[in-house]
1. Per the Cauchy relation, a quarter of the hull surface: what is the mean projected area of the convex hull of the alpha carbons in segment 8-73, in nm²?
2. Students often forget the sequence filter, so: which aspartates and glutamates lie under 14 Å Cα-Cα from Lys43 once same-chain residues fewer than 8 apart are removed?
3. Could you work out the relative contact order of the chain? I mean the mean sequence separation of Cα pairs under 8 Å and 6+ apart, divided by the number of residues, in percent.
4. Considering all alpha-carbon pairs of segment 78-136, what whole percent are spaced by more than 18 angstrom?
5. May I have the pair-distance distribution P(r) for the chain, computed from all Cα-Cα distances with 5 Å bins from 0 and rounded to whole percent?
Amino acid sequence: MSGNLRIVLDGKTIFHATESSLSLSREVRERSTKDTDGIQRAKGIKSFEASASALGVYGADNASTLDFEGLFDIYDDDVMYENVPIQFIPDENETNVAYEGLAIITSLEGNFANEEDATVSISLSGSETLKKISIP
């Protein structure tokens, strides 16, 4: 992977993204009975978290790309966006695989400093299992 990570929310890419990350985890259940020799471990529930940072610019069309205003609209609309469709594309140059699921926006932060580029950070928590898909 070249590191050209991209998060797509509701079919729209985050405009001027500077970095994205995806974290996958799985709970581990411990078992101990009178018939086992020590603790046994078993796989538990899988989950994922995603985050992205971007320049806090305006000018995205909010039809195919999202700026801070578009991200805020998704964050703020609990009726239409109870769970946000998310797609994680590892490499835009070799887009034959992506990862899809539903997520909840847990954090949206804007940093609008004087005489500096504004930045936006968003964090998401998966609300279902992430699935690997092939892109034709």
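1. 6.3 nm²
2. Within the straight-line limit of under 14 Å, Lys43 reaches these aspartates and glutamates: Glu27, Glu30.
3. 28 percent
4. I get 52 percent for the Cα pairs in segment 78-136 exceeding 18 Å.
5. Final binned percentages: 2, 10, 17, 20, 17, 12, 7, 5, 4, 3, 2, 1, 0, 0.
Every read-out reported here was derived from the displayed coordinates using simple, explicitly stated rules and does not represent laboratory data. Everything numeric in this text was worked out from a predicted model, so none of it was measured.
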